[in-house]
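Structure record follows, encoded as C-alpha coordinates.
The values are calculated or read from the model by the stated rules, or taken from the named source; none is laboratory data. The structure presented is a predicted model; accordingly, all values stated were derived computationally and were not measured. Every residue, glycine among them, receives a Cβ derived from its backbone with ideal geometry; neighbour counts consider all protein chains shown.
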(Lines give C-alpha, C1' and ligand atoms only; values in the text may rest on other atoms or scores of the structure.)
Protein backbone atom coordinates (compact mmCIF):
# COMPACT_ATOMS: atom_id res chain seq x y z
CA UNK A 1 0.00 0.00 0.00
CA UNK A 2 1.28 3.48 -0.82
CA UNK A 3 2.07 5.54 2.25
CA UNK A 4 -0.11 8.63 2.78
CA UNK A 5 -0.62 10.98 5.70
CA UNK A 6 -4.11 9.42 5.98
CA UNK A 7 -2.64 5.90 6.37
CA UNK A 8 -3.40 4.26 9.71
CA UNK A 9 0.24 3.29 10.27
CA UNK A 10 2.71 5.17 8.04
CA UNK A 11 5.59 2.97 6.86
CA UNK A 12 8.05 5.81 6.26
CA UNK A 13 11.01 5.77 8.62
CA UNK A 14 10.55 7.95 11.68
CA UNK A 15 12.78 11.04 11.89
CA UNK A 16 11.19 13.56 14.30
CA UNK A 17 11.94 17.29 14.07
CA UNK A 18 10.91 20.07 16.47
CA UNK A 19 10.31 23.72 15.59
CA UNK A 20 8.63 26.84 16.99
CA UNK A 21 5.49 28.57 15.73
CA UNK A 22 3.02 31.35 16.61
CA UNK A 23 -0.72 30.68 16.24
CA UNK A 24 -3.68 32.78 17.37
CA UNK A 25 -1.36 34.93 19.48
CA UNK A 26 0.29 32.02 21.32
CA UNK A 27 3.75 30.47 21.02
CA UNK A 28 4.09 26.73 20.29
CA UNK A 29 6.78 24.11 20.01
CA UNK A 30 5.74 21.38 17.55
CA UNK A 31 7.37 17.99 17.00
CA UNK A 32 6.55 16.45 13.61
CA UNK A 33 7.76 13.47 11.59
CA UNK A 34 7.70 11.72 8.23
CA UNK A 35 4.29 10.25 7.34
CA UNK A 36 2.27 13.21 8.69
CA UNK A 37 0.74 16.12 6.79
CA UNK A 38 2.90 19.26 6.39
CA UNK A 39 5.75 18.21 8.68
CA UNK A 40 7.97 21.29 8.22
CA UNK A 41 5.54 24.08 9.07
CA UNK A 42 1.88 24.70 9.81
CA UNK A 43 0.36 24.66 6.31
CA UNK A 44 -1.30 27.78 4.97
CA UNK A 45 -4.79 26.24 4.91
CA UNK A 46 -4.67 25.25 8.58
CA UNK A 47 -3.28 28.65 9.58
CA UNK A 48 -6.09 30.36 7.67
CA UNK A 49 -8.71 28.14 9.37
CA UNK A 50 -7.24 28.77 12.84
CA UNK A 51 -7.22 32.54 12.43
CA UNK A 52 -10.71 32.66 10.89
CA UNK A 53 -12.42 30.48 13.50
CA UNK A 54 -14.73 32.15 16.02
CA UNK A 55 -15.97 30.23 19.06
CA UNK A 56 -19.66 29.49 18.37
CA UNK A 57 -20.70 30.24 21.94
CA UNK A 58 -22.89 27.12 22.25
CA UNK A 59 -22.19 24.47 24.89
CA UNK A 60 -20.09 21.45 24.03
CA UNK A 61 -16.73 20.19 22.86
CA UNK A 62 -14.82 21.23 19.77
CA UNK A 63 -13.50 18.57 17.38
CA UNK A 64 -10.38 18.83 15.22
CA UNK A 65 -11.21 16.17 12.63
CA UNK A 66 -8.09 14.83 10.91
CA UNK A 67 -5.86 16.64 13.41
CA UNK A 68 -2.44 15.52 12.15
CA UNK A 69 0.19 16.52 14.72
CA UNK A 70 -2.33 18.93 16.25
CA UNK A 71 -1.86 22.58 15.20
CA UNK A 72 -5.57 23.36 14.77
CA UNK A 73 -6.90 21.60 17.88
CA UNK A 74 -4.04 22.65 20.16
CA UNK A 75 -4.13 26.30 19.09
CA UNK A 76 -7.88 26.39 19.80
CA UNK A 77 -7.48 24.62 23.14
CA UNK A 78 -4.94 27.26 24.15
CA UNK A 79 -7.06 30.14 22.81
CA UNK A 80 -10.26 28.85 24.50
CA UNK A 81 -9.14 27.26 27.79
CA UNK A 82 -12.78 26.88 28.94
CA UNK A 83 -13.38 24.47 26.02
CA UNK A 84 -12.66 20.75 25.86
CA UNK A 85 -11.13 19.95 22.47
CA UNK A 86 -11.09 16.47 20.90
CA UNK A 87 -8.32 15.75 18.37
CA UNK A 88 -8.92 12.75 16.10
CA UNK A 89 -7.03 11.17 13.22
CA UNK A 90 -6.77 7.81 11.46
CA UNK A 91 -2.96 8.16 11.48
CA UNK A 92 -1.53 6.67 14.69
CA UNK A 93 1.84 8.38 14.29
CA UNK A 94 0.16 11.77 13.82
CA UNK A 95 -2.06 11.29 16.88
CA UNK A 96 0.93 10.27 19.00
CA UNK A 97 2.66 13.49 17.94
CA UNK A 98 -0.46 15.52 18.77
CA UNK A 99 -0.39 14.04 22.31
CA UNK A 100 3.32 14.83 22.60
CA UNK A 101 2.73 18.38 21.39
CA UNK A 102 -0.04 18.87 23.94
CA UNK A 103 2.38 17.80 26.68
CA UNK A 104 5.27 19.97 25.55
CA UNK A 105 2.96 23.00 25.24
CA UNK A 106 1.29 22.25 28.61
CA UNK A 107 -2.21 22.01 27.13
CA UNK A 108 -4.52 19.85 29.24
CA UNK A 109 -8.09 20.62 28.01
CA UNK A 110 -7.72 18.07 25.19
CA UNK A 111 -8.46 14.41 24.45
CA UNK A 112 -7.28 12.19 21.62
CA UNK A 113 -9.12 9.57 19.54
CA UNK A 114 -7.93 7.27 16.77
CA UNK A 115 -10.78 7.43 14.27
CA UNK A 116 -11.36 6.81 10.58
CA UNK A 117 -13.50 9.84 9.81
CA UNK A 118 -15.97 9.92 12.77
CA UNK A 119 -16.36 6.13 13.13
CA UNK A 120 -14.98 6.12 16.72
CA UNK A 121 -16.90 9.24 17.77
CA UNK A 122 -20.46 8.03 17.08
CA UNK A 123 -21.77 8.67 20.61
CA UNK A 124 -20.39 12.20 20.99
CA UNK A 125 -21.90 15.58 20.14
CA UNK A 126 -19.89 18.69 19.32
CA UNK A 127 -20.59 22.42 19.22
CA UNK A 128 -18.09 22.86 16.38
CA UNK A 129 -16.10 20.58 14.09
CA UNK A 130 -13.11 21.93 12.19
CA UNK A 131 -11.38 20.11 9.36
CA UNK A 132 -8.67 20.59 6.78
CA UNK A 133 -9.84 17.47 4.93
CA UNK A 134 -7.52 14.89 3.31
CA UNK A 135 -8.13 15.87 -0.31
CA UNK A 136 -5.88 13.10 -1.61
CA UNK A 137 -8.14 10.50 0.03
CA UNK A 138 -10.75 11.44 -2.58
CA UNK A 139 -14.04 13.34 -2.79
CA UNK A 140 -16.08 10.39 -1.48
CA UNK A 141 -14.10 10.29 1.80
CA UNK A 142 -14.22 14.08 2.22
CA UNK A 143 -17.99 14.20 1.64
CA UNK A 144 -18.49 11.31 4.11
CA UNK A 145 -16.64 13.44 6.66
CA UNK A 146 -19.16 16.23 6.07
CA UNK A 147 -22.12 13.82 6.37
CA UNK A 148 -20.82 12.30 9.61
CA UNK A 149 -20.03 15.77 10.95
CA UNK A 150 -23.64 16.83 10.41
CA UNK A 151 -24.80 13.88 12.52
CA UNK A 152 -22.20 14.58 15.24
CA UNK A 153 -23.04 18.26 15.67
CA UNK A 154 -25.45 19.43 18.33
CA UNK A 155 -28.28 21.81 17.43
CA UNK A 156 -26.76 25.13 16.31
CA UNK A 157 -23.41 23.33 15.95
CA UNK A 158 -21.02 24.52 13.26
CA UNK A 159 -18.86 22.79 10.65
CA UNK A 160 -15.78 24.77 9.59
CA UNK A 161 -13.86 23.57 6.50
CA UNK A 162 -10.78 24.89 4.71
CA UNK A 163 -10.34 23.80 1.10
CA UNK A 164 -8.59 25.11 -2.00
CA UNK A 165 -10.65 26.16 -4.99
CA UNK A 166 -8.63 23.90 -7.30
CA UNK A 167 -8.99 20.95 -4.89
CA UNK A 168 -12.76 20.85 -4.79
CA UNK A 169 -14.07 23.97 -3.03
CA UNK A 170 -17.15 24.30 -5.31
CA UNK A 171 -18.28 20.67 -4.75
CA UNK A 172 -17.53 20.93 -0.99
CA UNK A 173 -19.64 24.08 -0.78
CA UNK A 174 -22.48 22.39 -2.67
CA UNK A 175 -22.34 19.32 -0.40
CA UNK A 176 -22.40 21.44 2.78
CA UNK A 177 -25.31 23.47 1.39
CA UNK A 178 -27.24 20.24 0.69
CA UNK A 179 -26.59 18.84 4.18
CA UNK A 180 -27.11 21.95 6.29
CA UNK A 181 -29.28 24.16 4.11
CA UNK A 182 -26.62 26.87 4.42
CA UNK A 183 -22.92 27.42 3.70
CA UNK A 184 -21.24 30.75 4.37
CA UNK A 185 -17.93 31.67 2.76
CA UNK A 186 -16.21 33.16 5.83
CA UNK A 187 -12.95 33.97 4.05
CA UNK A 188 -11.12 33.63 0.73
CA UNK A 189 -7.32 33.87 0.84
CA UNK A 190 -4.85 32.89 -1.91
CA UNK A 191 -7.18 30.30 -3.42
CA UNK A 192 -8.20 28.86 -0.02
CA UNK A 193 -11.83 29.04 1.08
CA UNK A 194 -13.12 28.87 4.65
CA UNK A 195 -16.68 27.51 4.67
CA UNK A 196 -19.01 27.46 7.69
CA UNK A 197 -22.32 25.63 7.94
CA UNK A 198 -24.65 25.81 10.94
CA UNK A 199 -26.94 22.91 11.92
CA UNK A 200 -30.48 24.20 12.31
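Here are the numbers for the structure shown:
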{"quantity": "Residue within the range 186-196 that is without any contact (Cβ under 8 Å) to a residue 24 or more places away in the chain and touching a helix residue (DSSP H, G or I) at 6+ places or on another chain (Cβ under 6 Å) present", "calculated": "no"}
{"quantity": "Any chance residue 75 is in contact with a helix residue (DSSP H, G or I) (Cβ under 7 Å, 6 or more places away or on another chain) and in a helix (DSSP H, G or I)", "calculated": "yes"}
{"quantity": "Residue ranges of strands (runs of 3 or more DSSP E) in the range 140-200 with at least 3 members crowded, with 21+ Cβ neighbours inside 10 Å and touching a strand residue (DSSP E or B) at 6+ places or on another chain (Cβ under 7 Å)", "calculated": "153-164, 192-198"}
{"quantity": "Number of the exception - residue 150 against (1) modelled with pLDDT of 95 or more; (2) closer than 21 Å to residue 37 by Cα", "calculated": "(2)"}
{"quantity": "Some residue of the range 110-128 being assigned to a helix (DSSP H, G or I), closer than 27 Å to residue 188 by Cβ and more than 13 Å from the chain's Cα centre (by Cα)", "calculated": "no"}
{"quantity": "Evaluation of residue 95 against (1) farther than 25 Å from residue 19 by Cα; (2) in a helix (DSSP H, G or I) (one fails), failing number", "calculated": "(1)"}
{"quantity": "Some residue of the range 66-82 being in contact (Cβ under 8 Å) with a residue 60 or more places away in the chain, more than 12 Å from the chain's Cα centre (by Cα) and crowded, with 22+ Cβ neighbours inside 10 Å", "calculated": "no"}
{"quantity": "Restricting the range 22-35 to residues that are farther than 14 Å from residue 73 by Cβ and touching a helix residue (DSSP H, G or I) at 6+ places or on another chain (Cβ under 9 Å), the residue that is surrounded by the fewest Cβ atoms within 10 Å (Cβ to Cβ)", "calculated": "25"}
{"quantity": "Only listed residue being in a helix (DSSP H, G or I) and either in contact with a helix residue (DSSP H, G or I) (Cβ under 7 Å, 6 or more places away or on another chain) or surrounded by fewer than 16 Cβ atoms within 10 Å (Cβ to Cβ) (or both), chosen from 59, 41, 51", "calculated": "51"}
